[in-house]
Amino acid sequence: SQTVSATVDGKTVSVDFTVTAPVVNYTLEATPTALTQNAATSVTFTLKANGAAVPANTPVTFTANPNFTNLPNTAQNTDASGQITVANLTATTVGAQTLSATVDGKTVSVDFTVTAPVVNYTLEATPLTLVQNVATSVTFTVKANGAAVPANTPVTFAANGNFTNLPNTAQNTD
């Protein structure tokens, strides 16, 4: 406790105060909060205390989480805006994911929505010109988002009465 004294008419009077530390409610925000699975993304975290950005050099320690990679494993200090940027944060699991950190002994967290990557497949063939009723060896190339798919990716051809000898079971890519 703390005491304040004053003198009135030659007499000392005092009052005792109980002094407590201020209550600090920390919150953690992130931009962006929508991530794509296995895509390294620059994420900016903003730490606030009672609704305002914390001062520069406030240490924040992220909690290890198996659903994220490239998370700093040592305390990171906020900048003048109360922010920390993680350059290559990678979410490994689809769905709602929570990332936590510790500041001043208190745990704060932020939620992310992680979606599966969009894959656009294309099928290429060589040669593209065939002679009717002449058996020709054709090489098919399957690509995902413009790049060759990994070896042993199963591919099943749709039945087509205009082409004989198309495989009717799944074939693995080279």
Residue satisfying all of: in region 95-107; within 15 Å of residue 49 (Cβ to Cβ) and among the polar types (S, T, N, Q); least open to solvent (accessible area, probe 1.4 Å) among these
102
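Each row is one residue, and each column tells you yes or no for (1) in a strand (DSSP E or B); (2) touching an Asp or Glu at 6+ places or on another chain (Cβ under 8 Å); (3) open to solvent by 60 Å² or more (accessible area, probe 1.4 Å).
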| position | (1), (2), (3) |
| --- | --- |
| 48 | yes, yes, no |
| 57 | no, no, yes |
| 65 | no, no, no |
| 72 | no, no, no |
| 80 | no, no, yes |
| 90 | yes, no, no |
| 93 | no, no, no |
What strands (runs of 3 or more DSSP E) completely inside region 1-45 contain at least 1 residues that are of a type in the set (S, T, N, Q) and open to solvent by 80 Å² or more (accessible area, probe 1.4 Å)?
2-8, 11-17, 26-31
Pairs returned, first residue in region 108-125 that is under 15 Å from residue 92 (Cα atoms) and open to solvent by less than 60 Å² (accessible area, probe 1.4 Å), second residue that is in a strand (DSSP E or B) and of a type in the set (A, V, I, L, M), beta-carbon separation under 6 angstrom, 6 or more apart or interchain, are 112/35; 114/35; 114/91
Considering only region 142-151, I want to know if a residue exists there that is under 22 Å from the mean Cα position of the chain (by Cα), exposed (fewer than 13 other Cβ atoms within 10 Å of the Cβ), in contact (Cβ under 8 Å) with a residue 12 or more places away in the chain and in a loop (DSSP other than H, G, I, E, B).
yes
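The values are calculated or read from the model by the stated rules, or taken from the named source; none is laboratory data. These numbers come from a predicted model, not from an experiment. Here the Cβ is made from the backbone with ideal geometry for all residues, glycine too, and neighbour counts use every protein chain on show. What goes into the accessible areas is simple: the full protein's heavy atoms, side chains included, and nothing from ligands, DNA or RNA. Shrake-Rupley method; radii C 1.70, N 1.55, O 1.52, S 1.80 Å.
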